[in-house]
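Written below as C-alpha cells is the structure these notes are about.
The values are calculated or read from the model by the stated rules, or taken from the named source; none is laboratory data. It should be emphasised that the depicted structure is a prediction, and the values quoted were computed from it without experimental measurement. We place every Cβ from the backbone using ideal geometry, glycine too, and count neighbours over all the protein chains shown. Just the protein is used for accessible areas: all its heavy atoms, side chains included, with ligands, DNA and RNA removed. Shrake-Rupley method; radii C 1.70, N 1.55, O 1.52, S 1.80 Å.
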Amino acid sequence: MSLNTFGHLFRITTWGESHGPAIGATVDGCPPGVPLEAAMLQRWLDRRRPGQSRYTTQRREADEVEILSGVYEGQTTGTPIQLLIRNTDQRSKDYGDIAGKFRPGHADITYWLKYGIRDPRGGGRSSARETASRVAAGGVAREVLKALVPGLKITGYMVQMGPHEIDRARFDWEEISRNPFWAPDAAAAADWAVYLDGLRKAGSSVGAVVEVTISGAPPGLGAPVYGKLDADLAAAMMSINAVKGVEIGEGMAAARLTGEANADEIRMGANGPEFGSNHAGGILGGISTGQDIVVRFAVKPTSSILTPRKTVTRSGENTEIVTKGRHDPCVGIRAVPVGEAMAACVILDHLLLHRAQVGEGPRGRIG
C-alpha cells in the first residue's frame, strides 16, 4: 500500500527523490496509436522548470525528459510509458545542518513519525521536485486529449499572491504567458513583482491561489456519489505539494449566496441547452455540464525561510532552525503547470471511464 499511483483507467505512478539520481513517472492505460515524442512533453516541463526568473528557486535543472518505453516509431503502443528526468543540480550539503532537526511547516516530522526514517536532502519524496514527474505525465494526457477531444483546452493562472488579488475586470487570457506569475492581469503582475522582491530579499515567502480552467470538456464526464468528477479534481489538486484548499466554481463563496443567486439558469439555445451563469464551475452532481470547468487551489507559503523558527531535534531537545539553500519565495508560481497537468490526467481518466461505460457522447437528448 505505497499509494504512489493516481487514477482509475489512466494511471500515473511517480517515483524518485529530490536529491536522488533521477525522478520519473510510469504512465499506464494510455491508448495506443497516439503520436508521442519527448519534445511534446518537454514544452510543458519547460514551463515548470526552476531557475527561470528571480522569483523561483535558483536550482538549475534542465528537466529533460526521456521516454524509455511504451512508444514505437513515434506512437504509443498501449503498454506502460516510462518517463525519466535526471537530477543534475543537487546541493545536498545545504541540508547537512538540519538533518537532525524538523523544519516547521514541512513534512519532516510526519515522515519521521510514520516511517522512522526520512531523507533530509531537500525533503526527499516530499519535495516539490516530485511534481516534475506529474507535469511529464500530464503531457502524455494532453496528447491523448488532443487526439480524442481536439477543442479541449486547459489553462492555469495565478489569481492571488498573499493578500493581493487580480482584478477580474482586467482579465486577459493573452497576458498569462507574458509575465513570470502566469497572471491574467498585467497591473497585478507588476504589483506582485515589487511585493515578492521585498519578501525574497528578506528571506521570507508567501502563499498564492491558482485557478485552472478547462474549456471544451464534453458533458457527461464523472459519475454520481463516489465517482464525482469534482471529487477527483479536488483530490488531484490536494495531492500537490503545499496545497491546503481546493474550490470548484464558487467554492466557499457559495455559502454566502441565496438559492436564486447560485442556481445557473438554463434556456434553450440554437445548439441545445445554455446556462446563464457558471456558479457550479462546470460540474453538477459530480458530472460535467459542458461549460468551463473551473477549479482553484490555495498554496501555502514556502516553509523554508531564513527567519529562525522554533523546533525540536530527533532526540527531543528544543532548538531553533534556519533553512538555507535555494527555495521558491512563492511556490504558487511553479504550481500553475502542475495544476494543469493534474487536471489533464483527471479529465482524460474520466473521459476513458465515460466511454467504457456509456460509449461516445452523452446518452440523453434534449429537444
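Per residue of the chain, the DSSP helices (runs of n ≥ 4 H) give a summed -39500 (n - 2.57) that works out to -8000 deg cm²/dmol at 222 nm. Using θ = phi - 60° in the Karplus curve 6.51 cos²θ - 1.76 cosθ + 1.60, the 3J(HN,Hα) couplings for the stretch 22-32 round to 6, 10, x, 8, 10, 10, 10, x, 6, x, x Hz; x is entered for Gly and Pro. Per residue, the chain exposes 48 Å² of accessible surface when a 1.4 Å probe is rolled over the protein heavy atoms with every protein chain present. Can you name the helices of the chain, as whole DSSP H runs, whose Cα span along the helix axis is 18 Å or more and whose Kyte-Doolittle mean is not below -0.5? Passing helices, by number: 131-148, 186-201, 332-358.
Among the protein heavy atoms, those of His164 account for about 80 Å² of accessible surface (1.4 Å probe, every chain in place). Excluding same-chain neighbours fewer than eight residues apart, the lysines reachable from Lys310 by a Cα-Cα span under 18 Å are Lys101, Lys324.
Which of Thr302, Thr289, Thr258 ends up with the largest GNM mean-square fluctuation for the chain, with Cα atoms connected below 10 Å? Residue with maximal mean-square fluctuation among Thr302, Thr289, Thr258: Thr258. Which residue fluctuates most in the GNM of the chain (Cα springs below 10 Å): Pro329, Pro224, Pro273? It is Pro273.
Annotation: amide H-H contacts under 5 Å for Arg49 (H modelled 1.01 Å from N, sequence separation of 5 or more, or interchain): none.
Quick one: grab the alpha carbon gyration tensor of the stretch 215-276, order the square roots of its eigenvalues as a ≥ b ≥ c, and give me rounded if a/c is under 1.5, else prolate or oblate depending on whether a/b is larger than b/c.
oblate
Residues Asp328, Asp28, Asp119, ordered by accessible area of protein heavy atoms at a 1.4 angstrom probe radius and largest first, appear as Asp28, Asp119, Asp328.
First check a/c for the stretch 121-194, with a ≥ b ≥ c the square roots of the eigenvalues of its C-alpha gyration tensor; if it is under 1.5, answer rounded, and if not, answer prolate when a/b is larger than b/c or oblate otherwise. Please report the intermediate quantities before stating the final value.
Working: a/c = 3.20, a/b = 1.21, b/c = 2.64.
In terms of gyration-tensor shape, oblate.
Looking at the chain as a GNM with Cα springs under 10 Å, which of Val27, Val331, Val194 has the largest mean-square fluctuation? It is Val194. The lysines whose alpha-carbon is closer than 18 Å to the alpha-carbon of Lys300, local same-chain residues fewer than 8 away aside, are Lys244. Among the protein heavy atoms of the stretch 207-282, carbon and sulfur supply 56% of the accessible surface, probe 1.4 Å, non-protein parts ignored. The mean sequence distance of close C-alpha pairs (under 8 Å, at least 6 residues apart), as a share of the length of the chain, puts its relative contact order at 22 percent. Computed 3J(HN,Hα) for the stretch 284-290, one whole-Hz value per residue from the Karplus formula 6.51 cos²θ - 1.76 cosθ + 1.60 where θ = phi - 60°, is 10, x, x, 10, 5, 9, x, glycine and proline marked x. Counting heavy atoms of the protein chains alone, Leu68 has an accessible area of about 100 Å² for a 1.4 Å probe. Sorting Tyr157, Tyr226, Tyr115 by solvent-accessible area of protein heavy atoms yields Tyr226, Tyr115, Tyr157, largest first, with a 1.4 Å probe. With a Förster radius of 41 Å applied to the beta-carbon distance between Leu148 and Lys114, the computed FRET efficiency rounds to 0.55.
With a/c under 1.5 counting as rounded, go ahead and sort the stretch 243-328 into rounded, prolate or oblate using the C-alpha gyration tensor (a ≥ b ≥ c being the square roots of the eigenvalues; past the cut-off, prolate if a/b is larger than b/c, else oblate). Note, shape of the stretch 243-328 comes out prolate. Excluding same-chain neighbours fewer than eight residues apart, the lysines reachable from Lys153 by a Cα-Cα span under 23 Å are Lys228.
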